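**Student:** Below is the structure I would like to discuss, written out as structure tokens.
The values are calculated or read from the model by the stated rules, or taken from the named source; none is laboratory data. Predicted model only: the values in this text are computed from it and were never measured. So basically every Cβ, Gly included, is an ideal-geometry build from the backbone, and we count neighbours across all protein chains shown. Please note that ligands, DNA and RNA were not included when accessible areas were found on the heavy atoms of the full protein model with its side chains. Shrake-Rupley method; radii C 1.70, N 1.55, O 1.52, S 1.80 Å.
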Amino acid sequence: GPASSEVEVEGLSADDFELLRTFCYTGELRGLTTEAATRLLTLASFLDMRHVEELCCGVLLRAQTPTDLVRLLGSHCAHASGRLTSLAIGQLARSLSGLALPPRANDRDALAALPLEAVTQLLEVSKTLPLHIAPRRLLLKLCLCWAPLQQMAPHSVPLNATSAEEIK
């Protein structure tokens, strides 16, 4: 058939490509919205455009609540960008006190979508942060709430469990 001068990339708009083209010439991503950052992050990660990836991460992480961070870590964006995952985990570890545990009913899906790798990284990051006793308890509580949602636990852990004693 005849050659086409159009290329379609699923999930990206002409405006997204215009943002990337402008970035290539100016080094700036003006007017980058959360929605555009979500779409561009995967492409930037794939094309190894580290500066674009950093800018997208900055937009996606700006003013996120701990619950939003949990949702973000369970999203396709975090799976596509190791950098976003790393930044979001660090931010979540520093803001655990704002996370509602046990999770409210509408937050359970977000917690259930949190991948094992993210929970593992969160535990690792928490070792390096100057957390006090209360945030460490919250981290344990997050794990105790997350595990039964993943159906990884051989027994049922109550969502309001706060210690290893209550698991038995």
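**Student:** Calculated FRET efficiency, residue 100 and residue 35, Cβ-Cβ r, R0 45 Å, to nearest 0.05?
**Tutor:** After rounding to 0.05, the efficiency reads 0.95.
**Student:** Calculate, for residue 79 and residue 123, the FRET efficiency according to 1/(1 + (r/R0)^6) with r their C-beta to C-beta distance and R0 22 Å; round to the nearest 0.05. Don't jump to the answer; show the numbers that get you there.
**Tutor:** Values: r = 19 Å, r/R0 = 0.87.
FRET efficiency, residue 79 to residue 123: 0.70.
**Student:** Quantify how much of the Cα-Cα distance distribution of the stretch 1-85 extends past 18 Å, in percent.
**Tutor:** Of all Cα-Cα distances in the stretch 1-85, 43 percent exceed 18 Å.
**Student:** Could I ask something else about it? Classify the stretch 62-113 as rounded, prolate or oblate, taking a ≥ b ≥ c as the square roots of the eigenvalues of its Cα gyration tensor: rounded when a/c is under 1.5, otherwise prolate if a/b is larger than b/c and oblate if not.
**Tutor:** Oblate, since a/c reaches 1.5 and b/c is not below a/b.
**Student:** Whole number in Å², please: accessible area per residue of the stretch 12-142, 1.4 Å probe, ligands, DNA and RNA not counted.
**Tutor:** Dividing the accessible area of the stretch 12-142 by its residue count gives 54 Å².
**Student:** Test of understanding: what is the full-extension gain from residue 12 to residue 48, defined as 0.36 nm times their sequence separation minus their Cα-Cα distance?
**Tutor:** So the extension gain works out to 11.3 nm.
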